[in-house]
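Read through the structure below, which is laid out as structure tokens, and then see the notes.
The values are calculated or read from the model by the stated rules, or taken from the named source; none is laboratory data. No experiment lies behind these values; they were computed from the predicted model shown. Neighbour counts are summed over all protein chains in view; Cβ atoms, including those assigned to glycine, are modelled from backbone coordinates with ideal geometry.
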Amino acid sequence: MTEKMTTHQAQDDARNEDILIYLNGKIVPKAQAVVSVYDSGFMLGDGVWEGLRLYNGHWAFLDEHMDRLFEAAKAIDLDIRLDREGMVSALLDTQKANGMQTDAHARLMVTRGVKARPFQHPGLSRSGPTLAIIVEHSQPKLPRPIRLATVPHQRGLPMTQDPKLNSHSKLNCILACIAAEKAGADEALMLDVHGFVNTTNACNFFIVRKGEVWTSTGDYCMNGITRQKVIDLCRSNEIPVFERNYSLVDTYGADEAFLTGTFGAQTPVSEIDGRQIGTSDMGPVTMRIRELYKTLIQQQTT
């Protein structure tokens, strides 16, 4: 039986058992980093988060991640009660407390805080917000390309739950992932409300056809920072790239496919719905984009 994988699969690192975690202004041992069962994030998924990656002592694309975090907090009317400088300081303090310089991943989470009673109304969140930062030693481990399965779960319309929000409410994506695993795949390929190929449950999605790079219009997917960097790199290096509607028929006939995300950068896809994509290995266009992205990271973090 083929080993199950995810796009966030990392090498085991025993040091993560002893990490220190930022929680509401204090840096505490992992065992002490606990929140109330009345917390809005636990009770309702009421919060936003960011994932960042550390290279050579620098957090890659830090400004873009802070832009997205504060924009999301404003969109859900959540007062973080830290300004941008304070949030960056909290991240750097957590990194320093753990003595990390590279190959680390941060999960920065903000919820509406602790509720007075266990009900939905945001006015019941009278203590907060809750701010937690987890920074782990993290080296991606991908023994083979990812296999995807198309699922019935969609990334929805902006008036339901805007897919551009990095919200704590991820149940739709979790159900998509479960459906894909039950179909024998690693992760889910999700369509938009019109039936066009959109994204996966965890990452943005690209295909390559006859040297052209295609991705979704961006209307129904997370506004991924790595996604945008790949688009920008293609445009500046004469690789044809298109944000467009395309179907599963286009996808099955692709020469290459790959995913993008902060953790794994560019992850090759070998199979979709039992159909082999290209040679089932990383293709030449994906490989070129990965090298261009590595160069960009080096430029940004040295």
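The set of residues in the range 234-266 that are of a type in the set (A, V, I, L, M, F, W, C), surrounded by fewer than 19 Cβ atoms within 10 Å (Cβ to Cβ) and farther than 21 Å from Asp186 by Cβ comprises Ile239, Phe242, Val249. On the stretch given as the range 16-33, residues that are at negative phi and surrounded by 12 or more Cβ atoms within 10 Å (Cβ to Cβ) total 10. Each residue in the range 181-225 was checked for being buried (at least 20 other Cβ atoms within 10 Å of the Cβ), among the β-branched types (Val, Ile, Thr) and free of Cβ contacts under 8 Å to residues at least 40 places away in the same chain, and 1 of them qualify. Flag set for Met66, criterion: more than 30 Å from Ala149 (Cα to Cα), free of Cβ contacts under 8 Å to residues at least 24 places away in the same chain and not assigned by TED's automatic domain parsing to the domain that holds Gly184.
Quick one: count up the residues across the range 243-302 that are over 17 Å from Val230 (Cβ atoms) and part of a loop (DSSP other than H, G, I, E, B). Residues flagged as over 17 Å from Val230 (Cβ atoms) and part of a loop (DSSP other than H, G, I, E, B) within the range 243-302 amount to 12. Of all residue pairs spaced 6 or more apart or on separate chains, those with beta-carbon atoms under 6 Å, a first member in the range 72-101 that is farther than 14 Å from Gly47 by Cβ and a second member that is modelled with pLDDT of 95 or more and part of a helix (DSSP H, G or I) are Arg84/Met66.
Would you mention how many residues in the range 7-28 are assigned to a strand (DSSP E or B) and either modelled with pLDDT of 95 or more or over 20 Å from Phe263 (Cα atoms) (or both)?
Result for the range 7-28: 7.
Of the residues screened, Cys234 is not one that is assigned by TED's automatic domain parsing to the domain that holds Leu296, in contact (Cβ under 8 Å) with a residue 24 or more places away in the chain, touching a Leu at 6+ places or on another chain (Cβ under 6 Å) and not charged (D, E, K, R). When Pro163 is tested against (1) touching a Lys or Arg at 6+ places or on another chain (Cβ under 6 Å); (2) in a strand (DSSP E or B), just one condition goes unmet, and that condition is (2).
Residues of the range 254-275 that are over 28 Å from His65 (Cα atoms) and touching a strand residue (DSSP E or B) at 6+ places or on another chain (Cβ under 7 Å): Ala254, Asp255, Glu256, Ser270, Glu271, Ile272, Asp273.
Would you say Val48 is crowded, with 20+ Cβ neighbours inside 10 Å, of a type in the set (A, V, I, L, M) and over 21 Å from Gly224 (Cα atoms)?
No: the conditions fail for Val48.
Considered as a group, the residues in the range 110-129 that are part of a strand (DSSP E or B) and free of Cβ contacts under 8 Å to residues at least 24 places away in the same chain include one that is farthest from Gln139 (Cα to Cα), and that residue is Arg126.
One line per residue, one yes/no per condition, for (1) surrounded by fewer than 17 Cβ atoms within 10 Å (Cβ to Cβ); (2) assigned to a helix (DSSP H, G or I); (3) acidic (Asp, Glu):
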| residue | (1), (2), (3) |
| --- | --- |
| Gly41 | no, yes, no |
| Asp67 | yes, yes, yes |
| Glu71 | yes, yes, yes |
| Leu78 | no, no, no |
| Ser89 | yes, yes, no |
| Leu108 | no, no, no |
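Sort through Val35, Val48 and tell me the only one that's assigned to a loop (DSSP other than H, G, I, E, B) and at pLDDT 95 or above.
Val35
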